[in-house]
Amino acid sequence: MIWDTLAPPWQAALEMAWEAYCAGTIPIGAAIADGYGNVAARGRNRILDTSAPDQQIYGDMLAHAEINALFSLKLDQESRHGATLYTTMEPCPLCMGAVYMSSVRSLHFAARDPYAGSTNLLGTTPYLSRKPIKVGGPFNAALEIGLIAMMVEREIDLRGEQIVSSHFFDEFRETVPQAVELGIALFRGRELQIKRVENTGARDVVNWLIHQVQ
């Protein structure tokens, strides 16, 4: 099972993504590890939430997982240089900017976001060029497909099934077509919704998603 092979920061980020799904918002989670690999902060998407822990934001389009993880980080600036942000989805322009401003110098994401992902902003301005951010992309194809499928399922649930034939998923279809089709199947079969109602844990959900891909 993939879960047992994942480092603690990845497990924490995935737990946050599943918590976000269960809360009814976009299923993206993030965690920050210090220079020793210990989880120092967590955050999740809360744009549709009505509450949040202290010093995190909610109920706003800026309430992204990476932003909330960075708000929760209690390391000094020097220690932040050795920290790494782990996120389940490639950061958008907002979150890439926040990483630069946070003093965190390393970023890993589990799934590409061909619609809003913005790691291509690295070094594109004089200011961004002065901060050496190291980025690592998807490390497991099946996990990437499963995470995108969960996001697709949630977007259909929020926006209606008509979104399936809109341009919204065009970039995803070009990059990871299997993920879009799986997401549609998950929505129609309601399996993830059932797991939410049954309070299934993140470990079992992630392992189950990987099984659907394989």
Accessible surface, the chain, averaged per residue in Å² (probe 1.4 Å): 46
DSSP bridge pairs, the range 1-121: antiparallel proportion in percent, nearest 5: 70
Value of relative contact order over the chain, rounded to a whole percent, pairs C-alpha under 8 Å and six or more apart: 17
Sulfur and carbon atoms: percent of accessible area, the chain [1.4 Å]: 51
Relative contact order for the range 96-187, counting Cα pairs under 8 Å that sit 6 or more residues apart, in percent: 31
DSSP-defined beta bridges in the chain - what % are antiparallel, rounded to 5: 55
By accessible area with a 1.4 Å probe, ligands and nucleic acids excluded, highest first: order of Arg154, Arg196: Arg196, Arg154
Calculated on alpha-carbon atoms, Rg and Dmax of the range 1-72 in Å: 12.0, 36
Spin-label model distance (nm) - Asp54 vs Glu174, 7 Å beyond Cα toward Cβ: 4.7
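The values are calculated or read from the model by the stated rules, or taken from the named source; none is laboratory data. Since the structure is predicted, the reported quantities are computational estimates derived from the model, not experimental observations. Positions of Cβ are generated from backbone atoms using ideal geometry, with glycine treated the same way; all protein chains shown enter the neighbour counts. The area values use the complete protein model at the heavy-atom level, side chains included, leaving out ligands, DNA and RNA. Shrake-Rupley method; radii C 1.70, N 1.55, O 1.52, S 1.80 Å.
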